[in-house]
Amino acid sequence: MENLGEILLKNKKITEEELKEALDLQGRTNERLDKVLLQLKFLTQKEILRVLSEKLHVPYLDHLSDEDIDSEGLSELSHSFLKRCCLLPLKGERVATSDPLDPGPIDNLRLILAHPLEMVIVPEEEILKGIERGYGAQEGESAAEIIKEFEKVDFGKGEGTFEGAEDLLDLASKPPIIKFVDSLIIEALKKRASDIHIEPFEKELRIRYRIDGILYDILRNERSHQPAIVSRVKVMAELNIAERRLPQDGRISIKMAGKDIDIRVSVIPTFFGERVVMRLLDKSSMTFRLENLGFSQENLENLLKLIKSSHGIILNTGPTGSGKTTTLYSALDRINTPDKNIITVEDPIEYQLEGIGQIQVKPKIGLTFASGLRSIVRQDPDVMMVGEIRDFETAEIAIHAALTGHLVFSTLHTNDAAGAITRLLEMGVEPYLASSSVIGIMAQRLVRLICPKCEESYTPTPESLAEVGLKPSNLKEGVLWKGKGCPFCLNTGYWGRTGIFELLVIDDEIRDMITNKKETNLIKQKAISKGMTTLQQAGVEKVLSGITTLEEVLRVTQEVIV
């Protein structure tokens, strides 16, 4: 059988030069070729597995649902064995593997289960998640079940009952409270939630998860539970449990399925008690790769040219939660080579990037974006990133750095790409400085993907198509796609998110318009005439490709004036 390198080369997934580099590194490290290719970032694991699936004529699955997992088969196997071999029994006498080139572990599993098994190729991350979900379903309790145990705990009549830190600490240490908070976090990770909201109101305590950018109610219960739950979170985040008048921020680090999970905790006082938001960050699942973010081929090529520039400012715009940080991290990771000195100043630092110096803003001691950026300039950097340009001082330093031979990345909160120019001018930046320093502006949003398990076709109305500038004749076979809703996607019809992008490249003509203070709409129309794809147009392309829905594109682009 052909080896992996030959298969990938024949399928044009890598070049001969890349294969040679990988084989040279393999000879020095004795690592497997697929591991070396991943380390060099020539391919993702999913790209490798898809090629092997086609060549070996073995089915490939991107995702596993709870319905796929064979719980009966799990009961006969040890958790450690499955994790070590990265195998997962599936219904229908199948087994998920991320290493189809090594049949040994599957042969062992066939002997243990005493029946034939059909191989299915699944990414390693999905298998490990499936193992945890499978064993969790057998042994765990949901938050809804655990909350029943609260009836046995004396919570008092409300927040005012607990006066001292000792009372709160004692309450936070009760087993049902510990179990409940742990279950909230575990369920949130299983459901792919990015945030957990714990919100007290006059008569109830509401708990919500943010999944794929949308908040969903998970539990509503007695408000008297709030002090115990919040105190438990504070203990975990090493915050002051006695301080209930001021906002507090902290971090929790946990391990789940062998992965490091970082939880950012924010606690604020409200009229009915302290409100908590926990942001869940799975460090191991983040792959900062521009090709995986949703760029069109044209936008990707233009962006790659921009980030290879020796100097200038590249701005990324969009509302909070639109994926700006991930895009900037991916761009920095792409140009992060040993010959470059890259330093960032952020608030907060979302992820630690290997080989890049990252500074956390601390306004209380005078370390602001502006002061941090000013210090970075004295560190002989080639590339700098400032988390956000919020004022004239920061903008002025960034522009000075760009004009003196540095490449600067930053973000602004504007609706579209052209609007970033207006924002800089409103801050007090001179038009000639903005035009001479800014080389590219990118606006972005995140749209939810149609669930692959329950997608179905439908015929849209001409009126709904007209909202995004389409006609029935634009549709392939006259239909679009949407998710019906199933257990896999929590009956939402969506699974995961991808980006839509608007990339404005500043050329000489656009530069002259900025210098002459032309209106934002005129700059945008000129960019469109030169081939710029707007956010809504980028979304429509994904609708026509069956990736997302009309409703989703309208939801995230309705405030953008085309």
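The values are calculated or read from the model by the stated rules, or taken from the named source; none is laboratory data. These numbers come from a predicted model, not from an experiment. Here Cβ is always computed from backbone atoms with ideal geometry, including for glycine, and neighbour counts include all displayed protein chains. Only protein heavy atoms, including side chains, enter the accessible area calculation; ligands, DNA and RNA are left aside. Shrake-Rupley method; radii C 1.70, N 1.55, O 1.52, S 1.80 Å.
Structure notes:
- Taken per residue, the accessible surface of the chain reaches 48 Å², heavy atoms only and a 1.4 Å probe.
- The loop-placed GluC sites (Glu not before Pro) in region 42-132, going by DSSP, that have at most 15 neighbouring Cβ atoms within 10 Å of their Cβ come out as GLU76, GLU93.
- Taking amide H atoms as placed 1.01 Å from N in the peptide plane, the amide H of ARG445 lies under 5 Å from those of ILE500, each 5 or more residues away in sequence or on another chain.
- Inter-probe distance in nm under a simple model that places probes 7 Å from Cα toward Cβ, at ASP182 and LYS83: 1.5
- Taken over the C-alpha atoms, region 404-504 has Rg and Dmax values of 20.1, 56 angstrom.
- Amide H contacts of LEU90: ASP70, VAL95, ALA96, each under 5 Å away and 5 or more positions distant or on a separate chain (H built 1.01 Å from N in the peptide plane; Pro and chain starts excluded).
- Under 16 Å from the Cα of LYS526 - lysines, other chains or at least 8 residues apart: LYS517, LYS518
- Gyration tensor verdict on region 270-425 (Cα atoms; rounded if a/c is under 1.5, prolate if a/b is larger than b/c, oblate otherwise): rounded
- If you take all other residues with their beta carbon under 13 Å from the beta carbon of ILE268, and give Lys and Arg +1 and Asp and Glu -1, the sum is 0.
- At R0 = 25 Å, FRET efficiency that the Cβ-Cβ distance of GLU54 and LYS20 yields, to 0.05: 0.55
- Loop-located trypsin sites (Lys or Arg not before Pro) in region 318-374 whose Cβ has at most 16 other Cβ within 10 Å (DSSP): LYS340
- Difference of contour (0.36 nm per residue) and Cα-Cα distance, ARG245 to LYS471: 75.7 nm
- Gain on full stretching of the segment that runs from GLU354 to SER464 - 0.36 nm per residue minus C-alpha separation: 35.0 nm
- Amide proton proximity set for LEU219, modelled H, under 5 Å, gap of 5+: ILE207
- Calculated from backbone phi, Karplus (6.51, -1.76, 1.60) coupling profile of region 390-401 in Hz, x at Gly/Pro: 9, 8, 4, 4, 5, 4, 4, 5, 4, 5, 4, 5
- Quarter the surface of the alpha carbon convex hull of the chain and you get the mean projected area, 30.0 square nanometres.
- Along principal axes, Cα extents of region 399-452, largest first, whole Å: 49, 24, 12
- Ordering PHE392, THR533, PHE295 by Cα displacement along the dipole of the chain toward the positive end leaves PHE392 in first place; charges were set at the Cβ atoms of Lys, Arg (+1) and Asp, Glu (-1).
- The alpha-carbon atoms of region 457-562, seen along their principal axes, cover 55, 30, 20 angstrom, with the largest extent given first.
- R0 of 22 Å, Cβ-Cβ distance LEU215-ASN491: FRET efficiency to nearest 0.05: 0.90
- Dividing the summed helix terms, -39500 (n - 2.57) for each DSSP H run of n ≥ 4, by the number of residues in the chain produces a 222 nm estimate of -11000 deg cm²/dmol to the nearest 500.
- Added length on full extension, which subtracts the Cα-Cα distance from 0.36 nm per residue, LEU367 to SER253: 38.5 nm
- At the residue level, ASP382 shows approximately 60 square angstrom of accessible surface with a 1.4 angstrom probe and all protein chains present.
- Rounded to the nearest 5, the antiparallel percentage of DSSP beta bridges internal to the chain is 65%.
- Spin-label model, THR422/LEU111: points 7 Å from Cα along the beta carbon direction are separated by 7.1 nm.
- Charges were assigned to the Cβ only: +1 to each Lys and Arg, -1 to each Asp and Glu. The resulting dipole of the chain about its Cα centre is roughly 600 debye.
- Accessible-area value, PHE272, 1.4 Å probe, nucleic acids and ligands omitted, Å²: 60
- With a cut-off of 13 Å on the backbone N, the residues of region 542-557 near the modelled label site 7 Å out from VAL479 along Cα-Cβ are 546.
- Rolling a 1.4 angstrom probe over the chain with all protein chains present gives an accessible area of which 49% lies on carbon and sulfur atoms.
- Equivalent-ellipsoid semi-axes of region 1-114, from the Cα gyration tensor, Å, largest first: 30, 15, 12
- Cleavage-rule hits (GluC sites (Glu not before Pro)) in region 183-221: DSSP loop, at most 12 neighbouring Cβ within 10 angstrom: GLU202
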